[in-house]
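First comes the structure, then the notes that go with it.
The values are calculated or read from the model by the stated rules, or taken from the named source; none is laboratory data. Since the structure is predicted, the reported quantities are computational estimates derived from the model, not experimental observations. All Cβ positions, glycine included, derive from the backbone under ideal geometry; neighbour counts span all protein chains shown.
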Amino acid sequence: MRKLMLGALTPRLRLIPIGVLVLTAGYLAIASPLLAGAKPKDRQATVTIPDSDRFIPFALTIRAGDSVHWVNHDSDDHTVVSDDAVNTTGPTGVNEVLPADGGSLTLTFKQPGQFVYFCRFHSHLDEFNQPVAPGPDGGIQDSNGNFGTPMMGVITVVRGNF
């Protein structure tokens, strides 16, 4: 009986080296470009403006070298303006209009840091260079008299993979 059981396991045991070989080949196919110093393909994240005055997502984390693509799906024009007083990465001096119904912008972020941006039609900077809601001279007031939150977003750029 014992000899019969060992004989039944032998074909299965023969498959173990083949499985190890397949797994090793798969690992090398994936890892060899990285081990050889090749850079993984840069990625692109998307920020949308729906049919309301906001950026979705509000906060975004990307890798250095990645791009962010803004698309305006609203029926109103919006802007992407960089808050250069507080930003530690990204292009400076950004002040781009995104026309209604499909206007877009793509920026590439090469260094780690933070990039704060806002819509100048629906926010402005206070004395501390922080985006705030427009207040009585602009913006939408709710039934309680509040002007809501500023239309802004934050991109955090990190090194390497995450």
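Things worth noting here:
- Taken over segment 86-97, residues that are over 21 Å from E127 (Cα atoms), surrounded by 15 or more Cβ atoms within 10 Å (Cβ to Cβ) and not aliphatic (A, V, I, L, M) amount to 3.
- Strands (runs of 3 or more DSSP E) contained entirely in segment 2-119, each with at least 1 residues that are among the aromatic types (F, W, Y) and at pLDDT 95 or above: 67-72, 113-118
- Selection from segment 59-85 of residues that are among the β-branched types (V, I, T) and surrounded by fewer than 17 Cβ atoms within 10 Å (Cβ to Cβ): T61, V71
- Residue that is modelled with the lowest pLDDT [pool: residues in segment 121-146 that are farther than 20 Å from A59 by Cβ and crowded, with 16+ Cβ neighbours inside 10 Å]: G139
- In segment 59-78, the residues that are under 14 Å from G153 (Cβ atoms) and within 18 Å of the chain's Cα centre (by Cα): A59, L60, T61, I62, V68, H69, W70, V71, N72
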